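*Asks:* Got a structure for you, written out below as structure tokens; questions coming shortly.
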Amino acid sequence: MTTTSESVPLPGAHPAGAGAQVTTVPEHVVEIISDSGEGAQRCGQSFGAIAARTGNGVWTVEIIPAEIQPPARSVAGASGNRVRLGSSRITNGGDAADLVVAFNEQVLLGRVHANELKPGCTILLESMWRAHRNPSIAASYAEAFDALVASGYRVVEVPMERECRKLVPDTRRGKNMFALGMLCSIYRLDLDLARDQVALTFRKKTRALIETNTRLLVAGYEWAREHLDLAFHIPAAPAAQDQVVLNGNMALALGVVASGMEVCSMYPITPATSASHYLSEIFPKVGGVVHQAEDEIAACTFAIGASYAGKCAVTITSGPGYSLKQEAIGLAVMAEIPLVVVDVQRGGPSTGQPTKVEQGDLLTTVFGSHGDAPKVVIAPSSIEDCFYSVITARRIAETFNMVVVVLSDASLATAQQPFPRPEFDPAWLAPPVDQSQVPEGLAPYAWDETTGLSRRFVPGQPGGMYTLTGLAHDTAGSVAYDPDANEQGLHARSLKLAALQRTLTTPTVHGDESGDLLVIGWGSTKGAIEEAVDRARDDGLRVSSLHLRFVNPLPSGLKEIMDRFGRVMTVEGNWGDRPDDRIIDESNRRYTALAMLLRSRYLVDVDCWSEVGGQPLKPGRVHRVITRKLGRS
Amino acid sequence: MIDFSRDGVAECLLRLYDERVEIEGFQKGVPRWCAGCGDNAVLAALQRLLRDEGLRPEKTVFVSGIGCSSRLPHYMNTYGFHGIHGRALPVAEGIRLARPDLNVFVNTGDGDSFSIGAAHWLHAIRYNMRMVVMVHDNQIYGLTKKQASPTSPRGTKSNTTPRGSYLEGLNPLTVTLGVQNVSFVAQVADWIPEVLYDVIQAAFHHDGLSFIRIVQRCPEWMPDNFDRWLHDPAKVTLLHHPTSLSISPALARLYPNHLEHDPSNIHRARELASVQDPVPIGILYHDPTVPRYDEILRADATHSGTAVRRLLDAEFDKFAVQGGGTRV
Ligand SMILES: Cc1ncc(C[n+]2csc(CCOP(=O)(O)OP(=O)(O)O)c2C)c(N)n1
Ligand code: SF4
Ligand SMILES: [Mg+2]
């Protein structure tokens, strides 16, 4: 998006910074970065929340170093937050930053090297290092400063340390709120709203701490007013409806509550754990239980036990944990036990990149577990979707007696976005545990010929006694020794997927219904892809996009849509072979996951482009891909 | 309305009697275990227990893993969960947590619980959720045709250790008694049905997880394995105590070694557990006061739609942005 800026003087006479020319912009990307432990993440999240409360569109992205405690002042140690705020709805983290607050020059260089800053970007840099008693630190600071200025960045040195010391002895706890105050001043956000936010952020801390942080906030705000000739206004259009600001993992956790589930069993794993942290905090209030099991196999089988006993349960994990659950998931498929599995994807294979985003688990969730194990896979594409997907998942799991996987990722997990406040609907809740008498003669797997569905028997139901087994079984649930019975079971479990597929609606095309190129995506990349498509359409390109929420089963009507476009490609966050590699050709090229699914299902020549850098997808990247694909550059 | 007239009471008793399920009512199918397999004795004891305790078949769940022993639920006319290898315990925990009203029994093998499911075994002891856990320890992998198990005595010739197994067998009793929160540990032998029954019954009444190691004969793969105990009653010590089990005169005549053992004494229990010859049979340890994780977890559990609505409202309020831009 091009930033058209106009300058308006702020009404009223104020000293120095308060009288700064206010530049009105439709959106900005702001980053706050520090060594880890200095609280930049908290600053960024609060800033995003305040902007959202003001009515701005907001999307925040966490900047996470790979290690918990990387060495101080290291290029790889940048920790913090990116906040993209705009006048209208924001659906992704955007491209490069317009303004950066950095607590030291090294973490800043990390972001510069990663090309995360716009040319000419404004940098507010902690100045304490210039006169540091360690000469090599002072030298590296001076050198970096000069280089940044020479590269055309607008570097403003800010004595954050000095100013904070006036209020607190340990600036490692506090500088972040000073920075928050500065940002609120620069972006002309309401100070009272900011005070409110500080109180909310530290709601679990002491009163004294909230007061100290509020003083730091105000100090930062006033300092910027007086000293900074820097002010932006991003017109806010407060939504007509009430909004909530959450990150994806919190939305998942609230979805668990809203779905009426009562049991979550899990084993800690990044980036899924924070969902369980939040759930642990709130779940007991509705009689819900979070069980931290001894490992993921136990977590999954525990959930299966609870589900079998009548309380559909959820287990939350990420890639390595998902792999461990595979055998148990197969049991749930085979025995037709409803189960919700949340996979917050991270980089893989193996331990991979724990804090980084990747869409690498699509095929393992669709096809995983040995044998034919049909299950449902839903990929939320926004924070709001994380909430509703869990509700949908629980309902499908219990209606079809199936395993439903909710496939989120590291990008959605920590990103924050406002969305319309959900209105509770009692229909979200699970029905009470069925304890009615089972009609005489009814078998536990009396598979319906057309849909494959059968009625689940729950322990406690008189007349329903049977022994559930993961072995091949007949309609009575008895171990099946004859070949027909096994085939009958496979048949029924497969039909259920088709029965569900019949109920799905065809997703709508973003852009025109036909054109030269259709870009198909799934999961967290929706915002970036649609923004890129909009930009390309502004350039005059005939491109549209389609985003899939149900990745298994795929809804009907996709073939018809694809047929209306000259070319079709997916944009994904999982590995696909690069066709220009010397030894790659059509006989060995490994397509990305969704492309592979679409090609095999529809016999359409679907191309693919993917990125596995571990960062949230940027609209600018996709825009370039589209442009190149359509022969312009 | 309760009718206290004589007829009313009689009618009530009659109905109770009607609802009682006889042993046949708990039987299902024909067990496919080998002749002489110790699993048959466990099945018989359980069917008797269910009848004697007047348990409702629909309120009872037998959970197992994979192995010969894990076939047991198929022969019980109750609900049954014959899951995957090694994972009977976490499945049973999930059932227990979701349903405090059900009777939960677990039947598992030595490979199932001490090898592939070893992590779950230790943690289940620590969770102390109410259930009866029976490990059918035949010291071999039965179903998969004779491979050494963690409890196989050193030198056991099996298909994976044709020259004899290399390591000392694991002692499940000492390990179990070393776990925090252990609350009930017993050892029985399939060929002493009276103690087998009494111990399972005591376990059923225990308010927590009861762990029973059942020394189980596998005539198919380990025909002489327990001969030294079987053929020489002097190699068996029967445990008894006024607070625990007593030994019937008939049994006392058969087995000369009796030991009065107070099952609340964990140090003594650990000592006894480490003795193989003579083998202690009976309840080694019992502490009814250990807290149950299933109870702790469900402390404030009353799930309702109203509570869900209230919680969601409160949380959304916390993170709300009102249309118009101020906090709610
Ligand atoms: C994941 C997995 N690995 C291996 C097996 C094969 N397997 C089935 S039963 C069993 C061992 C059974 O031994 P035990 O638990 O002692 O039971 P027993 O048959 O002796 O009663 C094995 C290895 C399996 N079913 N699943
Ligand atoms: S193989 Fe052994 S354990 Fe299995 S049924 Fe036969 S005797 Fe019993
Ligand atoms: Mg065995």
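The values are calculated or read from the model by the stated rules, or taken from the named source; none is laboratory data. Keep in mind it's a predicted model, so treat the numbers as computed, not measured. Reconstructed Cβ throughout: ideal geometry from the backbone, glycine too, with neighbour counts over all protein chains shown. Calculation scope for accessible area: heavy atoms of the full protein, side chains included, ligands and nucleic acids excluded. Shrake-Rupley method; radii C 1.70, N 1.55, O 1.52, S 1.80 Å.
*Asks:* Mind checking which residues of the stretch A:207-265 are part of a loop (DSSP other than H, G, I, E, B), within 13 Å of chain B (Cβ to nearest Cβ) and in contact with a helix residue (DSSP H, G or I) (Cβ under 7 Å, 6 or more places away or on another chain)?
*Replies:* The answer is A:Ala236, A:Ser259, A:Gly260, A:Met261.
*Asks:* Of A:Ala410, A:Ala443, which residue is open to solvent by less than 30 Å² (accessible area, probe 1.4 Å), more than 9 Å from chain B (Cβ to nearest Cβ) and under 28 Å from A:Asp484 (Cβ atoms)?
*Replies:* Only one candidate passes the filter, namely A:Ala443.
*Asks:* Sticking with this one: Identify, from the list B:Leu245, B:Leu272, B:Leu239, B:Leu259, the residue that is in a strand (DSSP E or B) and either among the basic types (Lys, Arg) or surrounded by 19 or more Cβ atoms within 10 Å (Cβ to Cβ) (or both). Even if it seems obvious, please write down each step before you answer.
*Replies:* Numbers: B:Leu245 fails: in a strand (DSSP E or B); B:Leu272 fails: in a strand (DSSP E or B); B:Leu259 fails: either among the basic types (Lys, Arg) or surrounded by 19 or more Cβ atoms within 10 Å (Cβ to Cβ) (or both).
Answer to the check: B:Leu239.
*Asks:* Here's a follow-up. Does any residue of the stretch B:225-234 turn out to be within 14 Å of another protein chain (Cβ to nearest Cβ) and closer than 30 Å to B:Gln187 by Cα?
*Replies:* So the first thing to find is which residues in the stretch B:225-234 are within 14 Å of another protein chain (Cβ to nearest Cβ), and the list is none.
No, because not a single residue in the stretch B:225-234 is within 14 Å of another protein chain (Cβ to nearest Cβ) and closer than 30 Å to B:Gln187 by Cα.
*Asks:* Additional query: Kindly check whether there is at least one residue in the stretch B:202-220 that is touching a strand residue (DSSP E or B) at 6+ places or on another chain (Cβ under 7 Å), within 30 Å of A:Met261 (Cβ to Cβ) and at pLDDT below 95.
*Replies:* Taking every residue of the stretch B:202-220 in turn, none turns out to be touching a strand residue (DSSP E or B) at 6+ places or on another chain (Cβ under 7 Å), within 30 Å of A:Met261 (Cβ to Cβ) and at pLDDT below 95.
*Asks:* Kindly establish whether A:Ala179 is under 30 Å from A:Gln243 (Cα atoms), in a helix (DSSP H, G or I) and in contact with a strand residue (DSSP E or B) (Cβ under 6 Å, 6 or more places away or on another chain). Break it down stepwise before answering.
*Replies:* On the way: under 30 Å from A:Gln243 (Cα atoms): yes; in a helix (DSSP H, G or I): yes; in contact with a strand residue (DSSP E or B) (Cβ under 6 Å, 6 or more places away or on another chain): yes.
Taking the combined requirement at face value, the residue satisfies it.
*Asks:* Right, next: In this structure, is B:Ile266 aliphatic (A, V, I, L, M) and in contact with a His (Cβ under 9 Å, 6 or more places away or on another chain)?
*Replies:* Values: aliphatic (A, V, I, L, M): yes; in contact with a His (Cβ under 9 Å, 6 or more places away or on another chain): no.
For B:Ile266, the condition - aliphatic (A, V, I, L, M) and in contact with a His (Cβ under 9 Å, 6 or more places away or on another chain) - is not met.
*Asks:* Consider the stretch A:540-552. How many of its residues are open to solvent by less than 10 Å² (accessible area, probe 1.4 Å) and within 26 Å of A:Asp361 (Cα to Cα)?
*Replies:* Taking the stretch A:540-552 and keeping what is open to solvent by less than 10 Å² (accessible area, probe 1.4 Å), we get A:543-546, A:548, A:551.
Now narrow it down to the ones that are within 26 Å of A:Asp361 (Cα to Cα): A:544-546, A:548, A:551.
Qualifying residue count for the region: 5.
*Asks:* Okay, moving on. Answer yes if at least one residue in the stretch A:365-386 is at pLDDT 95 or above, part of a loop (DSSP other than H, G, I, E, B) and within 12 Å of chain B (Cβ to nearest Cβ), and no otherwise.
*Replies:* Going residue by residue through the stretch A:365-386, those that are at pLDDT 95 or above are A:365-386.
Subsequent filtering for residues that are part of a loop (DSSP other than H, G, I, E, B) retains A:368-375, A:379-382.
Subset that is within 12 Å of chain B (Cβ to nearest Cβ): A:369-370.
Yes, the stretch A:365-386 contains a residue that is at pLDDT 95 or above, part of a loop (DSSP other than H, G, I, E, B) and within 12 Å of chain B (Cβ to nearest Cβ).
*Asks:* Test A:Val390 against the criterion of being within 23 Å of B:Arg309 (Cα to Cα) and surrounded by 24 or more Cβ atoms within 10 Å (Cβ to Cβ), and give yes or no.
*Replies:* Numbers: within 23 Å of B:Arg309 (Cα to Cα): yes; surrounded by 24 or more Cβ atoms within 10 Å (Cβ to Cβ): yes.
Yes.
Residues are listed down the side, and each one gets a yes or a no for (1) within 22 Å of the chain's Cα centre (by Cα); (2) in contact (Cβ under 8 Å) with a residue 40 or more places away in the chain:
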site	(1), (2)
B:Trp221	no, yes
B:Trp229	no, yes
B:His240	yes, yes
B:His261	yes, no
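*Asks:* Within the stretch B:17-29, how many residues are within 12 Å of chain A (Cβ to nearest Cβ) and in a loop (DSSP other than H, G, I, E, B)?
*Replies:* Residues in the stretch B:17-29 being within 12 Å of chain A (Cβ to nearest Cβ) and in a loop (DSSP other than H, G, I, E, B): 3 in total.
*Asks:* When the stretch A:576-603 is examined, which residues are found to be in contact with a strand residue (DSSP E or B) (Cβ under 6 Å, 6 or more places away or on another chain) and either surrounded by fewer than 16 Cβ atoms within 10 Å (Cβ to Cβ) or closer than 22 Å to A:Gln353 by Cα (or both)?
*Replies:* Within the stretch A:576-603, the first condition is being in contact with a strand residue (DSSP E or B) (Cβ under 6 Å, 6 or more places away or on another chain), and the residues that meet it are A:576, A:591-592, A:594-595, A:598-599.
If the condition is that a residue be in contact with a strand residue (DSSP E or B) (Cβ under 6 Å, 6 or more places away or on another chain) and either surrounded by fewer than 16 Cβ atoms within 10 Å (Cβ to Cβ) or closer than 22 Å to A:Gln353 by Cα (or both), then A:Gly576, A:Tyr591, A:Thr592, A:Leu594 are the ones that fit.
*Asks:* Tell me, which residue of the stretch B:126-169 that is under 16 Å from B:Glu220 (Cα atoms) and under 18 Å from the mean Cα position of the chain (by Cα) is nearest to ligand 2 (Cβ to nearest atom)?
*Replies:* Initially, the stretch B:126-169 is screened for residues under 16 Å from B:Glu220 (Cα atoms), giving B:136-149, B:152, B:156-159.
Restricting the remaining residues to those that are under 18 Å from the mean Cα position of the chain (by Cα) gives B:136-139.
Working: B:His136: 7, B:Asp137: 10, B:Asn138: 5, B:Gln139: 10 Å.
Among those that are under 16 Å from B:Glu220 (Cα atoms) and under 18 Å from the mean Cα position of the chain (by Cα), it is B:Asn138.
*Asks:* Moving to a separate point now. Could you pull out the residue among B:Arg56, B:Arg130, B:Arg48 that is within 30 Å of A:Glu262 (Cα to Cα), away from ligand 3 (no atom under 16 Å from the Cβ), open to solvent by 10 Å² or more (accessible area, probe 1.4 Å) and touching a residue at least 60 places away in the same chain (Cβ under 8 Å)? Quick ask: steps written out before the conclusion?
*Replies:* Values: B:Arg56 fails: touching a residue at least 60 places away in the same chain (Cβ under 8 Å); B:Arg48 fails: within 30 Å of A:Glu262 (Cα to Cα).
B:Arg130 is the lone residue from the list that is within 30 Å of A:Glu262 (Cα to Cα), away from ligand 3 (no atom under 16 Å from the Cβ), open to solvent by 10 Å² or more (accessible area, probe 1.4 Å) and touching a residue at least 60 places away in the same chain (Cβ under 8 Å).
*Asks:* Among the strands (runs of 3 or more DSSP E) confined wholly to the stretch A:451-559, which include 2 or more residues that are within 14 Å of chain B (Cβ to nearest Cβ)? Please lay out each step first, then the result.
*Replies:* Values: elements: A:467-469, A:515-522, A:543-548, A:550-552.
It comes to A:467-469.
*Asks:* Select, from A:Val333, A:Val344, the only residue that is part of a strand (DSSP E or B), in the same structural domain as A:Lys375 (by TED's automatic domain parsing) and within 29 Å of A:Thr592 (Cα to Cα).
*Replies:* Details: A:Val333 fails: part of a strand (DSSP E or B).
It is A:Val344.
*Asks:* On to the next question. Only residues that are surrounded by fewer than 13 Cβ atoms within 10 Å (Cβ to Cβ) and in a loop (DSSP other than H, G, I, E, B): list them for the stretch B:201-236, please. Give the steps one after another, and end with the answer.
*Replies:* Here is the first cut: in the stretch B:201-236, the ones surrounded by fewer than 13 Cβ atoms within 10 Å (Cβ to Cβ) are B:205, B:223-224, B:227, B:231-232, B:234.
Across the stretch B:201-236, the qualifying residues are B:Pro223, B:Asp224, B:His231, B:Asp232.
*Asks:* Also, I was wondering about something else. Taking the conditions exactly as written (more than 24 Å from A:Pro439 (Cβ to Cβ), within 16 Å of ligand 1 (Cβ to nearest atom) and in contact with a Gly (Cβ under 6 Å, 6 or more places away or on another chain)), does B:Cys68 satisfy them or not?
*Replies:* On the way: more than 24 Å from A:Pro439 (Cβ to Cβ): yes; within 16 Å of ligand 1 (Cβ to nearest atom): yes; in contact with a Gly (Cβ under 6 Å, 6 or more places away or on another chain): yes.
Yes, satisfied.
*Asks:* Looking only at the stretch A:123-169, count every residue that is more than 24 Å from A:Val29 (Cα to Cα) and in a loop (DSSP other than H, G, I, E, B) and tell me the total.
*Replies:* Final tally of qualifying residues: 7.
Conditions tested, residue by residue: (1) under 27 Å from A:Lys496 (Cβ atoms); (2) in contact with a Lys or Arg (Cβ under 6 Å, 6 or more places away or on another chain); (3) not in a loop (DSSP other than H, G, I, E, B).
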| position | (1), (2), (3) |
| --- | --- |
| A:Met562 | yes, no, yes |
| A:Asp577 | no, yes, no |
| A:Glu586 | no, no, no |
| A:Met596 | yes, no, yes |
| A:Ser600 | yes, no, yes |
| A:Thr627 | no, no, yes |
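*Asks:* Checking the condition touching a residue at least 12 places away in the same chain (Cβ under 8 Å), buried (at least 24 other Cβ atoms within 10 Å of the Cβ) and of a type in the set (Val, Ile, Thr), which residue from B:Thr108, B:Thr174, B:Thr161 passes? Give the derivation first.
*Replies:* Details: B:Thr174 fails: buried (at least 24 other Cβ atoms within 10 Å of the Cβ); B:Thr161 fails: buried (at least 24 other Cβ atoms within 10 Å of the Cβ).
One residue alone meets the criteria, B:Thr108.
*Asks:* Which condition does A:Val405 not pass, out of (1) outside any helix (DSSP H, G or I); (2) open to solvent by 30 Å² or more (accessible area, probe 1.4 Å), if it passes all the others?
*Replies:* Evaluating A:Val405 over (1) outside any helix (DSSP H, G or I); (2) open to solvent by 30 Å² or more (accessible area, probe 1.4 Å) leaves (2) as the failure.
*Asks:* Tell me, which helices (runs of 4 or more DSSP H) wholly within the stretch B:86-200 include 3 or more residues that are modelled with pLDDT of 95 or more, within 16 Å of ligand 1 (Cβ to nearest atom) and within 14 Å of chain A (Cβ to nearest Cβ)?
*Replies:* Numbers: elements: B:88-98, B:118-127, B:172-177.
Where helices (runs of 4 or more DSSP H) fall fully within the stretch B:86-200 and carry at least 3 residues being modelled with pLDDT of 95 or more, within 16 Å of ligand 1 (Cβ to nearest atom) and within 14 Å of chain A (Cβ to nearest Cβ), they are B:88-98, B:118-127.
*Asks:* Return only the number of the condition from (1) under 16 Å from the mean Cα position of the chain (by Cα); (2) within 16 Å of ligand 3 (Cβ to nearest atom) that B:Cys34 does not satisfy.
*Replies:* Tallying (1) under 16 Å from the mean Cα position of the chain (by Cα); (2) within 16 Å of ligand 3 (Cβ to nearest atom), B:Cys34 fails exactly one: (1).
*Asks:* If only one of A:Tyr466, A:Tyr388 is of a type in the set (Phe, Trp, Tyr) and under 36 Å from the mean Cα position of the chain (by Cα), which one is it? Give the derivation first.
*Replies:* Values: A:Tyr466 fails: under 36 Å from the mean Cα position of the chain (by Cα).
Only one candidate qualifies: A:Tyr388.
*Asks:* Condition first: among the polar types (S, T, N, Q) and either open to solvent by 10 Å² or more (accessible area, probe 1.4 Å) or on the phi > 0 side of the Ramachandran plot (or both). Now tell me which residues in the stretch B:70-82 satisfy that. First the steps, then the outcome.
*Replies:* Of all residues in the stretch B:70-82, those among the polar types (S, T, N, Q) come to B:70, B:77-78.
Once the filter is applied, which keeps residues that are among the polar types (S, T, N, Q) and either open to solvent by 10 Å² or more (accessible area, probe 1.4 Å) or on the phi > 0 side of the Ramachandran plot (or both), the stretch B:70-82 yields only B:Asn77.
*Asks:* Within the stretch A:297-327, count every residue that is in a helix (DSSP H, G or I), open to solvent by less than 10 Å² (accessible area, probe 1.4 Å) and closer than 22 Å to A:Thr270 by Cβ. If you could, list the steps in order and put the result at the bottom.
*Replies:* Initial filter on the stretch A:297-327 (in a helix (DSSP H, G or I)): A:297-308, A:319-327.
Now drop any that are not open to solvent by less than 10 Å² (accessible area, probe 1.4 Å), which leaves A:298-308, A:321-322, A:325.
Okay, now just the ones that are also closer than 22 Å to A:Thr270 by Cβ, so A:298-300, A:302-303, A:321-322, A:325.
Total meeting the criteria: 8.
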